[in-house]
1. Could you please give the count of residues in the stretch 30-65 that are within 16 Å of the ligand (Cβ to nearest atom) and more than 12 Å from the chain's Cα centre (by Cα)?
2. Could you pull out every one of the helices (runs of 4 or more DSSP H) wholly within the stretch 1-117 that has 1 or more residues that are out of contact with any Asp or Glu (no Cβ under 7 Å at 6 or more places or on another chain), closer than 22 Å to residue 141 by Cα and at pLDDT 95 or above?
3. Only residues that are among the small types (Gly, Ala, Ser) and within 26 Å of residue 115 (Cα to Cα): list them for the stretch 1-57, please.
4. Under 26 Å from residue 148 (Cα atoms), within 11 Å of the ligand (Cβ to nearest atom) and surrounded by fewer than 19 Cβ atoms within 10 Å (Cβ to Cβ) - does that describe any residue in the stretch 84-99?
5. Please go through the stretch 145-193 and pick out each residue that is within 13 Å of the ligand (Cβ to nearest atom) and among the hydroxyl-bearing types (Ser, Thr, Tyr).
6. Just name the residue that is surrounded by the fewest Cβ atoms within 10 Å (Cβ to Cβ) out of those in the stretch 168-184 that are more than 26 Å from residue 149 (Cα to Cα) and in contact (Cβ under 8 Å) with a residue 24 or more places away in the chain.
Amino acid sequence: MNCLEERIAKDGIVREGNVLKVDNFLNHQMDVELFREMGLEWKKRFEGKNINKILTIEASGIGIAAVVALEFGVPVVFAKKSKSINIDGEFYSAEVESFTHKNVNNVIVSKKYLTEEDHVLIIDDFLANGCALQGLIRIVQSSGATVEGIGIAIEKGFQIGGKLIRNLGFQLESLAIVDGMDAATGSIQFREQ
Ligand code: 5GP
């Protein structure tokens, strides 16, 4: 077990509806020392990739991405959720359906902060059905930048997102893959990596 899996096993809470709560160290209170370990691991896994920017999505990706960016020595851009449908030509945008809130958000990134010269590592906390990632990938592609890789803290391997994104040919590195969980018993099974 790696340190993230150990922490999930200790502090993760399984909720009905395939939701894993990790508020104790990732989504509310943040264990930045753990984030640094995660950054070091992604640094190894993406060794040799020419990464000059990290992209994440508001809100819970931001803390992880900021600490990981220190390890890579690059800036972080986060896609903002925007209520306005009247986005002018200054932004790239994509629609993203939220797995946890069940609503659809327009997410935007200013054209100033993503250009065709950028080589992007996308970072997020969870991968479930892959909507958030597909939105971020669309935004990178509309800017002409390159997706060099995708780093996810917790992939729920029993949902479709991981398969979908890997089938598109991206290097997707999830630090913990949960293959099963049970709200009644609280048990969590990890995939051997
Ligand atoms: P997807 O777009 O892949 O369906 O879902 C990814 C997004 O939904 C993540 O950015 C994360 O914020 C949220 N999410 C999905 N599943 C979970 C979960 O089990 N627990 C928590 N805390 N967030 C989740």
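1. Initially, the stretch 30-65 is screened for residues within 16 Å of the ligand (Cβ to nearest atom), giving 30-31, 34-35, 38, 54-65.
The next check asks that each one be more than 12 Å from the chain's Cα centre (by Cα); those that pass are 30-31, 34-35, 38.
Residues that pass the stated criteria total 5.
2. Numbers: elements: 3-11, 32-45, 61-72.
Per the criteria, 61-72.
3. Of the residues in the stretch 1-57, the ones among the small types (Gly, Ala, Ser) are 9, 12, 17, 39, 48.
Across the stretch 1-57, the qualifying residues are 39, 48.
4. Of all residues in the stretch 84-99, those under 26 Å from residue 148 (Cα atoms) come to 89-99.
Now restrict to residues that are within 11 Å of the ligand (Cβ to nearest atom): 96-99.
When the remaining residues are screened for being surrounded by fewer than 19 Cβ atoms within 10 Å (Cβ to Cβ), the result is 97-98.
Checked against the condition, which is being under 26 Å from residue 148 (Cα atoms), within 11 Å of the ligand (Cβ to nearest atom) and surrounded by fewer than 19 Cβ atoms within 10 Å (Cβ to Cβ), the stretch 84-99 yields at least one hit.
5. Matches in the stretch 145-193: 174 only.
6. Looking only at the stretch 168-184, we keep the residues that are more than 26 Å from residue 149 (Cα to Cα), and these are 181-184.
Now drop any that are not in contact (Cβ under 8 Å) with a residue 24 or more places away in the chain, which leaves 181-183.
Values: 181: 21, 182: 10, 183: 14.
That would be 182.
The values are calculated or read from the model by the stated rules, or taken from the named source; none is laboratory data. Being a predicted model, the structure only gives us computed values, none of them experimental. Counting neighbours? That spans all protein chains shown, and the Cβs are built from the backbone with ideal geometry, glycine included.
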